[in-house]
Amino acid sequence: MSDRIAQVTRNTLETKISVSLNLDGAGKGVFNTGVPFLEHMMDQIARHGMIDLDVSCDGDTHIDDHHSVEDIGITIGQAIAKAVGDKKGIRRYGHAYVPLDEALSRVEVDFSGRPGLVMDIPFKSGAIGAFDTQLTHEFFQGFVNHALVSLHIDNLKGENAHHQAESVFKAFARALRDAMELDPRALGTIPSTKGSL
(Lines give C-alpha, C1' and ligand atoms only; values in the text may rest on other atoms or scores of the structure.)
Protein backbone atom coordinates (compact mmCIF):
# COMPACT_ATOMS: atom_id res chain seq x y z
CA MET A 1 0.00 0.00 0.00
CA SER A 2 1.39 3.38 -0.98
CA ASP A 3 1.35 6.30 1.40
CA ARG A 4 -1.91 8.24 1.23
CA ILE A 5 -0.44 11.70 1.44
CA ALA A 6 -0.91 14.86 -0.57
CA GLN A 7 0.35 18.42 -0.85
CA VAL A 8 -1.64 21.08 -2.69
CA THR A 9 -0.92 24.77 -3.23
CA ARG A 10 -3.64 27.10 -4.50
CA ASN A 11 -2.90 30.77 -5.22
CA THR A 12 -5.42 33.38 -6.36
CA LEU A 13 -5.62 37.15 -6.11
CA GLU A 14 -7.62 36.67 -2.89
CA THR A 15 -5.82 33.81 -1.11
CA LYS A 16 -2.56 31.90 -1.07
CA ILE A 17 -3.10 28.47 0.47
CA SER A 18 -0.99 25.38 1.08
CA VAL A 19 -2.37 22.12 2.44
CA SER A 20 -0.49 18.96 3.27
CA LEU A 21 -2.13 15.89 4.75
CA ASN A 22 -1.68 12.25 5.58
CA LEU A 23 -4.89 10.21 5.64
CA ASP A 24 -3.24 7.56 7.81
CA GLY A 25 -1.80 9.97 10.34
CA ALA A 26 -2.02 10.44 14.09
CA GLY A 27 -4.53 13.29 14.13
CA LYS A 28 -2.01 16.13 14.31
CA GLY A 29 -3.04 19.57 13.07
CA VAL A 30 -0.99 22.67 12.31
CA PHE A 31 -2.91 25.77 11.21
CA ASN A 32 -2.01 29.32 10.27
CA THR A 33 -4.96 30.86 8.46
CA GLY A 34 -6.00 34.08 10.17
CA VAL A 35 -9.44 32.56 10.89
CA PRO A 36 -9.22 31.25 14.48
CA PHE A 37 -12.62 29.56 14.70
CA LEU A 38 -12.05 27.68 11.44
CA GLU A 39 -8.69 26.54 12.81
CA HIS A 40 -10.52 25.16 15.86
CA MET A 41 -12.88 23.28 13.51
CA MET A 42 -10.05 21.96 11.33
CA ASP A 43 -8.40 20.68 14.48
CA GLN A 44 -11.55 18.58 14.99
CA ILE A 45 -11.17 17.21 11.44
CA ALA A 46 -7.54 16.25 12.10
CA ARG A 47 -8.02 14.83 15.59
CA HIS A 48 -11.26 12.89 15.06
CA GLY A 49 -10.50 11.91 11.47
CA MET A 50 -6.99 10.70 12.41
CA ILE A 51 -5.63 12.86 9.59
CA ASP A 52 -2.37 14.76 9.88
CA LEU A 53 -3.40 18.14 8.49
CA ASP A 54 -1.26 21.23 7.90
CA VAL A 55 -3.04 24.29 6.48
CA SER A 56 -1.59 27.74 5.80
CA CYS A 57 -3.54 30.61 4.30
CA ASP A 58 -2.64 34.20 3.53
CA GLY A 59 -6.00 35.69 2.63
CA ASP A 60 -7.78 39.01 2.32
CA THR A 61 -9.30 38.81 5.81
CA HIS A 62 -9.19 42.63 5.97
CA ILE A 63 -12.29 42.40 3.75
CA ASP A 64 -13.83 39.43 5.58
CA ASP A 65 -13.19 35.72 6.08
CA HIS A 66 -15.30 34.49 3.16
CA HIS A 67 -12.57 33.97 0.57
CA SER A 68 -10.22 32.30 3.03
CA VAL A 69 -12.84 29.89 4.40
CA GLU A 70 -14.19 28.89 0.98
CA ASP A 71 -10.74 28.51 -0.58
CA ILE A 72 -9.46 26.45 2.35
CA GLY A 73 -12.43 24.11 1.84
CA ILE A 74 -11.57 23.89 -1.86
CA THR A 75 -7.89 23.14 -1.21
CA ILE A 76 -8.55 20.52 1.47
CA GLY A 77 -11.00 18.89 -0.96
CA GLN A 78 -8.33 18.82 -3.66
CA ALA A 79 -5.82 17.30 -1.25
CA ILE A 80 -8.24 14.61 -0.06
CA ALA A 81 -9.07 13.68 -3.67
CA LYS A 82 -5.38 13.43 -4.49
CA ALA A 83 -4.60 11.34 -1.40
CA VAL A 84 -7.40 8.77 -1.93
CA GLY A 85 -6.35 8.39 -5.57
CA ASP A 86 -8.30 5.75 -7.48
CA LYS A 87 -10.18 4.80 -4.25
CA LYS A 88 -9.22 1.14 -4.46
CA GLY A 89 -9.92 -0.64 -1.20
CA ILE A 90 -11.64 2.22 0.63
CA ARG A 91 -14.96 1.69 2.36
CA ARG A 92 -16.43 4.57 0.29
CA TYR A 93 -19.30 5.33 2.67
CA GLY A 94 -19.06 6.82 6.11
CA HIS A 95 -21.49 8.17 8.66
CA ALA A 96 -21.44 9.45 12.20
CA TYR A 97 -23.67 10.86 14.90
CA VAL A 98 -21.79 13.12 17.32
CA PRO A 99 -23.19 14.87 20.39
CA LEU A 100 -21.67 17.90 22.08
CA ASP A 101 -23.59 18.80 25.23
CA GLU A 102 -27.08 19.73 24.00
CA ALA A 103 -26.11 19.61 20.31
CA LEU A 104 -26.35 16.52 18.12
CA SER A 105 -25.25 16.24 14.49
CA ARG A 106 -25.36 13.56 11.82
CA VAL A 107 -23.08 13.43 8.77
CA GLU A 108 -22.98 10.95 5.88
CA VAL A 109 -20.36 10.94 3.13
CA ASP A 110 -20.03 8.98 -0.11
CA PHE A 111 -16.83 9.07 -2.18
CA SER A 112 -19.00 8.74 -5.28
CA GLY A 113 -16.98 10.91 -7.66
CA ARG A 114 -19.99 13.25 -7.86
CA PRO A 115 -20.10 16.47 -5.85
CA GLY A 116 -23.24 17.13 -3.83
CA LEU A 117 -24.02 18.93 -0.59
CA VAL A 118 -27.23 18.74 1.40
CA MET A 119 -26.86 20.71 4.61
CA ASP A 120 -29.32 21.69 7.33
CA ILE A 121 -27.82 23.52 10.28
CA PRO A 122 -30.39 25.82 11.93
CA PHE A 123 -27.79 27.99 13.65
CA LYS A 124 -29.11 29.76 16.75
CA SER A 125 -26.78 32.69 16.09
CA GLY A 126 -25.44 34.41 12.99
CA ALA A 127 -21.95 34.57 14.44
CA ILE A 128 -19.65 32.54 16.67
CA GLY A 129 -17.36 35.23 18.01
CA ALA A 130 -16.10 36.92 14.82
CA PHE A 131 -16.95 33.90 12.63
CA ASP A 132 -20.00 34.24 10.34
CA THR A 133 -21.94 30.98 10.63
CA GLN A 134 -22.94 31.24 6.92
CA LEU A 135 -19.32 30.48 6.07
CA THR A 136 -19.81 26.92 7.29
CA HIS A 137 -21.77 26.26 4.11
CA GLU A 138 -19.05 27.90 1.98
CA PHE A 139 -16.38 25.66 3.52
CA PHE A 140 -18.32 22.45 2.89
CA GLN A 141 -19.47 23.51 -0.60
CA GLY A 142 -15.86 24.19 -1.60
CA PHE A 143 -14.84 20.86 -0.11
CA VAL A 144 -17.43 18.70 -1.90
CA ASN A 145 -16.89 20.41 -5.25
CA HIS A 146 -13.23 19.40 -5.23
CA ALA A 147 -13.17 16.20 -3.16
CA LEU A 148 -15.97 14.94 -5.46
CA VAL A 149 -18.07 13.52 -2.65
CA SER A 150 -21.73 13.51 -1.71
CA LEU A 151 -22.10 15.00 1.75
CA HIS A 152 -25.22 15.18 3.92
CA ILE A 153 -25.02 17.28 7.08
CA ASP A 154 -27.81 17.63 9.62
CA ASN A 155 -27.66 19.33 12.97
CA LEU A 156 -30.50 17.55 14.74
CA LYS A 157 -30.45 19.47 18.02
CA GLY A 158 -28.64 22.43 19.49
CA GLU A 159 -29.09 25.71 21.30
CA ASN A 160 -25.52 27.03 21.24
CA ALA A 161 -24.08 27.88 17.81
CA HIS A 162 -20.53 26.91 18.83
CA HIS A 163 -21.78 23.51 19.97
CA GLN A 164 -23.79 23.09 16.76
CA ALA A 165 -20.79 23.80 14.55
CA GLU A 166 -18.37 21.71 16.58
CA SER A 167 -20.66 18.68 16.64
CA VAL A 168 -21.00 19.01 12.83
CA PHE A 169 -17.24 19.16 12.25
CA LYS A 170 -16.59 16.26 14.62
CA ALA A 171 -19.24 14.15 12.88
CA PHE A 172 -17.76 15.14 9.51
CA ALA A 173 -14.33 13.98 10.70
CA ARG A 174 -15.64 10.63 11.92
CA ALA A 175 -17.63 10.06 8.72
CA LEU A 176 -14.56 10.88 6.60
CA ARG A 177 -12.44 8.50 8.64
CA ASP A 178 -15.03 5.74 8.08
CA ALA A 179 -15.28 6.33 4.34
CA MET A 180 -11.54 6.62 3.66
CA GLU A 181 -10.57 3.64 5.79
CA LEU A 182 -9.06 0.74 3.89
CA ASP A 183 -11.18 -2.39 4.03
CA PRO A 184 -8.91 -5.46 4.35
CA ARG A 185 -11.57 -7.57 2.62
CA ALA A 186 -11.68 -5.27 -0.41
CA LEU A 187 -8.06 -4.27 -1.01
CA GLY A 188 -7.35 -3.71 -4.68
CA THR A 189 -11.02 -3.40 -5.63
CA ILE A 190 -13.12 -0.37 -6.49
CA PRO A 191 -16.24 -0.12 -4.29
CA SER A 192 -18.63 0.41 -7.20
CA THR A 193 -20.54 -1.74 -9.70
CA LYS A 194 -19.29 0.71 -12.35
CA GLY A 195 -15.71 -0.37 -11.73
CA SER A 196 -14.56 3.20 -11.18
CA LEU A 197 -15.38 6.17 -8.99
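The values are calculated or read from the model by the stated rules, or taken from the named source; none is laboratory data. Remember, predicted model here, so these are calculated numbers, not experimental data. Glycine gets a Cβ as well: all are built from the backbone with ideal geometry, and neighbour counts include every protein chain shown.
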Condition check: on the phi < 0 side of the Ramachandran plot, surrounded by fewer than 23 Cβ atoms within 10 Å (Cβ to Cβ) and without any contact (Cβ under 8 Å) to a residue 40 or more places away in the chain. Does Asp52 satisfy that? yes
Mind listing whichever residues of segment 140-154 are part of a helix (DSSP H, G or I) and of a type in the set (Gly, Ala, Ser)? Gly142, Ala147
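Conditions tested, residue by residue: (1) among the charged types (D, E, K, R); (2) more than 19 Å from the chain's Cα centre (by Cα); (3) loosely packed, with under 15 Cβ neighbours inside 10 Å.
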residue	(1), (2), (3)
Arg91	yes, no, no
Ser112	no, no, no
Thr136	no, no, no
Asn160	no, yes, no
Leu187	no, yes, yes
Looking only at segment 9-38, how many residues end up being under 15 Å from the mean Cα position of the chain (by Cα), over 15 Å from Met180 (Cβ atoms) and buried (at least 18 other Cβ atoms within 10 Å of the Cβ)? 5
Restricting attention to segment 155-193, report how many residues are in a loop (DSSP other than H, G, I, E, B) and at pLDDT 95 or above. 4
A careful count of residues in segment 75-115 that are in contact with an Asp or Glu (Cβ under 9 Å, 6 or more places away or on another chain) and polar (S, T, N, Q) gives 1
Could you check, for segment 26-40, whether at least one of its residues is in contact (Cβ under 8 Å) with a residue 40 or more places away in the chain and within 28 Å of Ile190 (Cβ to Cβ)? no
